[in-house]
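K.L.:
Just passing along the structure, written as structure tokens.
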Amino acid sequence: MGDLGWIWTIIVGIIAGFAASKVVNKSGSGLIMDLVIGLVGAFVGNFVGRTFLSMGAASGILQNVLVSFAGAVVVLLIYNAVMRRR
């Protein structure tokens, strides 16, 4: 992944994290946490997409956004489950 690929993943991750947080929590987890969850989710989603779904780095914008959003939702659900146990 080139430099622009990482920058694109960060930008999409921020947006995906914000959207996923609103969908899962209805109110979000706070701006910083939304950004962190989105970034982690974007990287998880992209890793899963490339590893298991044979998506290349040249995938379309919509596909990147959807995979990042799905990754952020999964990370957010895991985060919420762990935090409820505490």
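K.L.:
So, in segment 21-36, exactly how many residues are part of a helix (DSSP H, G or I), surrounded by 17 or more Cβ atoms within 10 Å (Cβ to Cβ) and either at pLDDT below 80 or of a type in the set (K, R) (or both)?
P.N.:
Result for segment 21-36: 2.
K.L.:
Which residues, counting only those in segment 64-86, are basic (K, R) and assigned to a helix (DSSP H, G or I)?
P.N.:
Answer for segment 64-86, where residues must be basic (K, R) and assigned to a helix (DSSP H, G or I): R84, R85.
K.L.:
Taking segment 54-86 as the search range and keeping residues that are closer than 16 Å to M33 by Cβ and among the charged types (D, E, K, R), which one is modelled with the highest pLDDT?
P.N.:
Ranking the qualifying residues of segment 54-86, first place goes to R84.
The values are calculated or read from the model by the stated rules, or taken from the named source; none is laboratory data. No experiment lies behind these values; they were computed from the predicted model shown. Cβ atoms come from the backbone with ideal geometry, glycine included; neighbour counts cover every protein chain shown.
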